[in-house]
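Asks: Please find one structure pasted underneath; my questions will follow.
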Amino acid sequence: MNKLFSLLCFLVMGYYLCAQDLNFNASWKFYNDKAQGAEQITFDDSKWRNLDLPHDWAIEGPFDVKYNARAGGLPFHGTGWYRKHFKMEANTKGKVVRLEFEGAMYNAHVWINGELVGHRPYGYIGFEFDISNYLKYDGSDNVVAVRLTPEDLSSRWYPGAGLYRSVWLKIDNPIHVGQWGTYIVTPTVTEKLAVVQNETTVINNSNENTSVTVKHEYIDPDGKTVATVEDSIEVEAHSKAVSAVWNNIENPKIWDIGVPNLYNVITTLSANGKITDTYKSRIGLRSIRYTKDGFFLNNKLVRFNGVCIHHDNGSLGAAVYKRADERKLQIMIDMGVNAIRTSHNPPSREFLEACDELGLVVLDEAFDVWKMEKVPNGYNKFFDEWAERDLKDMILRDRNHPSVIMWSTGNEIIEQRDRKNGWKVAKMLHDVCKETDPTRPSTMGMNNYINPYTFNFAQQVDIAGMNYKPTKYSEIRDMFPELPLYGSETSSCTSSRGVYHLPIEKYQTHESKHVTSYDLIGPPWAYPPDVEFHFQEQNPYVMGEFIWTGFDYLGEPTPYGGKDNSTNGYWNADWPSHGSYFGAVDLCGFPKDRFFLYQSQWSTKPMIHLLPHWNWKGMEGQTIPVYCYTNCDSAELFVNGKSMGKKVKGKDLTELKVDFLRYEPKTFQSKYRLSWNVPYEAGSIKVVGYKDGKVVQEEQINTAGKPAKISLSVDRAEINADGSDLAYVTIRIEDKDGNLCPNANNLVNFSVKGAGELIAVDNGDQTSLESFQAPHRKAFSGMCLAILKASETSGNITLSAKSKSLRSAKITVLSK
């Protein structure tokens, strides 16, 4: 309905009506190579591929050892061209027509009808160009051409490639609200009263000085108009001016973590008695405050149960689908997460909208690198010319989101080590933050201990983020007692879902190219989650942590993958490993065991989790370490009905051998996990959790028999028939009794009928080179994933799954 309404407005409405943002994602032409003259309007693109945005050309593969595993082992670099033909009606002439790109990866150059209108190098930031004077309004063809030239060795992870976020054609009257043109803050928020301050940038692109009336309507979460305020300003011809007003909202519905109350603000511009623009903003009424003792949201002390998250969505690549982000965040909330760090770049608009809607707070991060390089073709090549603009644009775009509570200017920046000049760059970026949005603090993730603090570097941000230094919290507190602190990156534990190696390996590679899921292993800077839990408890003024990472991501396959580039002779030394092991959740969104360790600390809902699986044929009688993660008071383990004893959380400690820690002691007594060492015998293990002496939770794992059938489940039974909504189907390989077969790797073939299509498959295996677009996938640790996308036609979408020697299965999703 919205698309139809926009189209009718575009084609029919008069001069002063219906300024529109038209989704421009449909019907593009794509070519993945150099194309001489492709910017020209007469260029023949008839043989180019037809597609709709968002599009990430690199995720289509293929994986190849010639591509750097550090960036996913996928072809994200080279040249890609996009072209789109469109017509402009005569009644749009004289209006302001802008073309907005929410993200283009990267080094984008944009032409309209053969004329270059601009370029933007940073792939993570949105931008727009006024194309009014480049267009033809006589009904003939207009052509937009976009060239992207992402470079190899430009990223420390998988960046994606292409027009991977949405594109918009914006048609406005000469008097309109500017790009990201409202700035709405809440200087005071209480249960009885919210003071709302609104600064609106009004553009006058006409030839006359004009008196403009600016009207704001505030609509509460229930759809009721609760306040209205007006202002009149004079705007000179071909200039802009800012309208600044404030008003009260009584008895506000406050935005909070898990309580995502959102207000719509409708801003209407009028001139000479006619409406010239209508602009919608969405806000949350909330207050934030930071002190040396912590973070306060709505005057309540809140600790960050946070995760760092990269921008890719696994088998979908960098392409932005709001449902993919929404599902990702819902899984994190189930783990007990209340905070997200957008490591290490500006997120998509859809991602922040989902955080607003779900009630999560966000650390919004701008850069991974400044002037000093980390990889040969990184952002440092553009920093001097573009950093100030990119940071400012990120803040302008994101500052109305109630979820955003901090601006991060960088991560593990090399300038930490530069005693003479590093602080100057840090100060420049901090000043940009304060000039653009003084309501939120600046921050940075710092790891080069102790230099940032003694080189006047950490002092250039409001809040110090400490990466992987839990034992140093108290030391920094003593040195800088007024400096707010938090763990901006913590743990970096690695694991592969459902994989258990006995004996448990230390920090060295395993022949399988996987990492045990006992939640102990990590690179030299890392440590088990338990260590961070301990030091957070010991230092209650620390505002919490952001674990590395919430989800697995493409690229950076630590501890595998060799080195970053071929100059040192280790190119892809551990191929085919090409994906992250850091996540508490795998690339499919399937929880690893570590998910439940965090849940046991961050969730108040009674829970219990048992590991490992109980299929150890050939190891009868040998000792198997069994772990339990729970927030119950105590737990009792049973093997084939026989009690192995009850353990009390906090009293019965588990000794962790953390040899990769760079500090003493080399062992750590964890009160956060319960453990038993039991001789293996096939059958079942069960753990029972107690609170106040009563059974509240239990979990049982059975020894699975031979794989016999496929089981399907879906995250939602109904989705929207909008051409972009997604359904995630989980595939399990089970024995005849419905037990997961934990070692199964059966090849599953898929087919789809009805009002949708299969757009991606995955299994969470960091070493799999199977195509993400193929209609089949091998199971990994007994599971795999299929992602369905709705068409714009209502109806059923039916997925069929088949595998040799297994009973097949079907599942149907309603798209409406």
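Okay, residues lined up against (1) crowded, with 21+ Cβ neighbours inside 10 Å; (2) assigned by TED's automatic domain parsing to the domain that holds L769; (3) at pLDDT 95 or above:
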{"position": "C18", "(1), (2), (3)": "no, no, no"}
{"position": "S27", "(1), (2), (3)": "no, no, yes"}
{"position": "E39", "(1), (2), (3)": "yes, no, yes"}
{"position": "L51", "(1), (2), (3)": "no, no, yes"}
{"position": "F63", "(1), (2), (3)": "no, no, yes"}
{"position": "T79", "(1), (2), (3)": "no, no, yes"}
{"position": "R83", "(1), (2), (3)": "yes, no, yes"}
{"position": "N91", "(1), (2), (3)": "no, no, no"}
{"position": "F101", "(1), (2), (3)": "yes, no, yes"}
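Asks: Looking at D368, D356, D364, D393, which one is surrounded by fewer than 23 Cβ atoms within 10 Å (Cβ to Cβ), in contact (Cβ under 8 Å) with a residue 40 or more places away in the chain and not in a helix (DSSP H, G or I)? Break it down stepwise before answering.
Replies: On the way: D356 fails: not in a helix (DSSP H, G or I); D364 fails: surrounded by fewer than 23 Cβ atoms within 10 Å (Cβ to Cβ); D393 fails: not in a helix (DSSP H, G or I).
The match here is D368.
Asks: May I pose another question? Just to be sure I understand, how many residues within the stretch 143-152 are touching a strand residue (DSSP E or B) at 6+ places or on another chain (Cβ under 7 Å) and either surrounded by fewer than 24 Cβ atoms within 10 Å (Cβ to Cβ) or in a strand (DSSP E or B) (or both)?
Replies: First, the residues of the stretch 143-152 that are touching a strand residue (DSSP E or B) at 6+ places or on another chain (Cβ under 7 Å): 143-148, 150.
Imposing the further condition that a residue be either surrounded by fewer than 24 Cβ atoms within 10 Å (Cβ to Cβ) or in a strand (DSSP E or B) (or both) reduces the set to 143-148.
Result for the stretch 143-152: 6.
Asks: Exactly one of (1) touching a helix residue (DSSP H, G or I) at 6+ places or on another chain (Cβ under 8 Å); (2) modelled with pLDDT under 95 is unmet by E388. Its number?
Replies: (2)
Asks: Same structure, new question: Provide a single number: the residues in the stretch 484-511 that are modelled with pLDDT of 95 or more, of a type in the set (A, V, I, L, M) and in a loop (DSSP other than H, G, I, E, B).
Replies: Matching residues across the stretch 484-511 total 1.
Asks: Answer yes if at least one residue in the stretch 484-494 is over 24 Å from the mean Cα position of the chain (by Cα) and either assigned by TED's automatic domain parsing to the domain that holds W548 or of a type in the set (S, T, Y) (or both), and no otherwise. Lay out the reasoning, then the answer.
Replies: Within the stretch 484-494, the subset over 24 Å from the mean Cα position of the chain (by Cα) is 484.
Now restrict to residues that are either assigned by TED's automatic domain parsing to the domain that holds W548 or of a type in the set (S, T, Y) (or both): 484.
Yes, that holds for at least one residue.
Asks: If I filter the stretch 695-713 for residues that are crowded, with 19+ Cβ neighbours inside 10 Å, in the same structural domain as V626 (by TED's automatic domain parsing), touching a strand residue (DSSP E or B) at 6+ places or on another chain (Cβ under 7 Å) and without any contact (Cβ under 8 Å) to a residue 60 or more places away in the chain, do I get at least one hit?
Replies: There is no residue in the stretch 695-713 that is crowded, with 19+ Cβ neighbours inside 10 Å, in the same structural domain as V626 (by TED's automatic domain parsing), touching a strand residue (DSSP E or B) at 6+ places or on another chain (Cβ under 7 Å) and without any contact (Cβ under 8 Å) to a residue 60 or more places away in the chain.
Asks: Quick one: in the stretch 766-795, of everything that is in contact with a Lys or Arg (Cβ under 8 Å, 6 or more places away or on another chain) and not small (G, A, S), which residue is surrounded by the fewest Cβ atoms within 10 Å (Cβ to Cβ)?
Replies: The qualifying residue surrounded by the fewest Cβ atoms within 10 Å (Cβ to Cβ) is T767.
Asks: Here's something else I'd like to know. Exactly one condition in (1) within 19 Å of K691 (Cα to Cα); (2) out of contact with any Cys (no Cβ under 9 Å at 6 or more places or on another chain); (3) crowded, with 22+ Cβ neighbours inside 10 Å; (4) charged (D, E, K, R) is not met by R673; state its number.
Replies: Going through (1) within 19 Å of K691 (Cα to Cα); (2) out of contact with any Cys (no Cβ under 9 Å at 6 or more places or on another chain); (3) crowded, with 22+ Cβ neighbours inside 10 Å; (4) charged (D, E, K, R) one by one, R673 breaks only (2).
Asks: Also: State which residue is surrounded by the most Cβ atoms within 10 Å (Cβ to Cβ) when the search covers only the stretch 124-142 and only residues that are touching a residue at least 40 places away in the same chain (Cβ under 8 Å) and within 28 Å of L352 (Cβ to Cβ). Break it down stepwise before answering.
Replies: The first filter runs over the stretch 124-142 and keeps only residues touching a residue at least 40 places away in the same chain (Cβ under 8 Å), leaving 124-128, 135-142.
From the residues that got through so far, the ones that are within 28 Å of L352 (Cβ to Cβ) too are 124-128.
On the way: Y124: 27, I125: 23, G126: 23, F127: 21, E128: 18.
Taking the candidates together, the pick is Y124.
Asks: Further question: Among S491, S517, S495, which is of a type in the set (S, T, N, Q) and either surrounded by fewer than 17 Cβ atoms within 10 Å (Cβ to Cβ) or farther than 18 Å from Y560 by Cβ (or both)?
Replies: Values: S517 fails: either surrounded by fewer than 17 Cβ atoms within 10 Å (Cβ to Cβ) or farther than 18 Å from Y560 by Cβ (or both); S495 fails: either surrounded by fewer than 17 Cβ atoms within 10 Å (Cβ to Cβ) or farther than 18 Å from Y560 by Cβ (or both).
The unique qualifying residue is S491.
Asks: Spot the failing condition for S155; the list is (1) buried (at least 23 other Cβ atoms within 10 Å of the Cβ); (2) of a type in the set (G, A, S); (3) in a strand (DSSP E or B), and only one is missed.
Replies: It fails just one condition, (3).
Asks: Scan the stretch 179-199 for residues that are assigned to a strand (DSSP E or B), surrounded by fewer than 16 Cβ atoms within 10 Å (Cβ to Cβ) and of a type outside the set (D, E, K, R) and jot them down.
Replies: Filtering the stretch 179-199 for residues assigned to a strand (DSSP E or B) gives 179-189, 193-199.
With surrounded by fewer than 16 Cβ atoms within 10 Å (Cβ to Cβ) added as a condition, the list becomes 187-188, 193, 197, 199.
Within the stretch 179-199, P187, T188, L193, Q197 meet the criteria.
Asks: Considering every residue within the stretch 616-629, establish whether at least one is out of contact with any strand residue (DSSP E or B) (no Cβ under 8 Å at 6 or more places or on another chain), assigned to a strand (DSSP E or B) and loosely packed, with under 11 Cβ neighbours inside 10 Å.
Replies: No.
Asks: Please state which of the following conditions N272 fails to meet, knowing it meets all the rest: (1) surrounded by 17 or more Cβ atoms within 10 Å (Cβ to Cβ); (2) more than 24 Å from the chain's Cα centre (by Cα).
Replies: Tallying (1) surrounded by 17 or more Cβ atoms within 10 Å (Cβ to Cβ); (2) more than 24 Å from the chain's Cα centre (by Cα), N272 fails exactly one: (1).
Asks: Every residue in the stretch 496-547 that is in contact with a strand residue (DSSP E or B) (Cβ under 6 Å, 6 or more places away or on another chain) and among the small types (G, A, S), please.
Replies: G522, G544 - these are the residues of the stretch 496-547 that are in contact with a strand residue (DSSP E or B) (Cβ under 6 Å, 6 or more places away or on another chain) and among the small types (G, A, S).
Asks: Which of the numbered conditions does T188 fail, given that it passes all the others? Conditions: (1) closer than 30 Å to G378 by Cα; (2) out of contact with any Asp or Glu (no Cβ under 8 Å at 6 or more places or on another chain).
Replies: (1)
Asks: Looking at (1) closer than 22 Å to G336 by Cα; (2) out of contact with any helix residue (DSSP H, G or I) (no Cβ under 9 Å at 6 or more places or on another chain); (3) touching a residue at least 60 places away in the same chain (Cβ under 8 Å); (4) of a type outside the set (D, E, K, R), find the lone condition where N615 falls short.
Replies: All conditions are met except number (1).
The values are calculated or read from the model by the stated rules, or taken from the named source; none is laboratory data. These numbers were taken from a predicted model, which means no experiment stands behind them. Positions of Cβ are generated from backbone atoms using ideal geometry, with glycine treated the same way; all protein chains shown enter the neighbour counts.
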